[in-house]
Amino acid sequence: MTGPHSLSETPRRRLTRLVAALAEEAGVEASDVWREHRGRRDVARVRQLAMWIWRYGGDQIRNFTEVGIAFRRDRTTVSHACTIMDNEYAITHDSERLTCVRHILGRVGVDL
């Protein structure tokens, strides 16, 4: 692996840290984010945000299928989550999305 990431940290561990940090900030249990069922609205919101960040926050953009596998969700669920987050943050350009993702990652103290 290249880049700023620790060689000993796997993508799964980074994803787990991301979900834990977002869940803590939102006041929900990280284990609820990983559940098979949608869950409460606040839990679903954290999951959607995590999917969006996981798709756009790394060294390269991950496709919907890759993100879906990571979250044990269908690619159409990931597409829906990313559309919701783009709309919520009023993203119209890739540079705006990247700035927003980096801001959130900095706020929760996670580096992808």
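Filtering region 85-100 down to residues that are crowded, with 19+ Cβ neighbours inside 10 Å and farther than 12 Å from Met51 by Cβ, which residue is modelled with the lowest pLDDT?
Per the stated criteria, the residue is Ile91.
If you take the residues in region 46-101 that are outside any helix (DSSP H, G or I) and of a type in the set (Gly, Ala, Ser), which one is nearest to the chain's Cα centre (by Cα)?
Gly57
Within region 90-112, count every residue that is farther than 16 Å from Glu25 by Cβ and either free of Cβ contacts under 8 Å to residues at least 12 places away in the same chain or of a type in the set (Ser, Thr, Tyr) (or both).
8
For region 33-46, indicate whether the set of residues that are closer than 26 Å to Asp94 by Cα, acidic (Asp, Glu) and out of contact with any helix residue (DSSP H, G or I) (no Cβ under 7 Å at 6 or more places or on another chain) is non-empty.
No, because not a single residue in region 33-46 is closer than 26 Å to Asp94 by Cα, acidic (Asp, Glu) and out of contact with any helix residue (DSSP H, G or I) (no Cβ under 7 Å at 6 or more places or on another chain).
Just give me the residues in region 49-68 being surrounded by fewer than 21 Cβ atoms within 10 Å (Cβ to Cβ) and over 19 Å from Thr99 (Cβ atoms), in sequence order.
Within region 49-68, Asn63, Phe64, Thr65, Glu66, Gly68 qualify.
Spot the failing condition for Cys82; the list is (1) at pLDDT 90 or above; (2) surrounded by fewer than 19 Cβ atoms within 10 Å (Cβ to Cβ); (3) not acidic (Asp, Glu), and only one is missed.
Of (1) at pLDDT 90 or above; (2) surrounded by fewer than 19 Cβ atoms within 10 Å (Cβ to Cβ); (3) not acidic (Asp, Glu), only one is false for Cys82: (2).
The values are calculated or read from the model by the stated rules, or taken from the named source; none is laboratory data. A quick note: this is a predicted structure, and the numbers were derived from the prediction, not measured. Note that we place each Cβ from the backbone using ideal geometry, even for glycine, and neighbour counts take in every protein chain shown.
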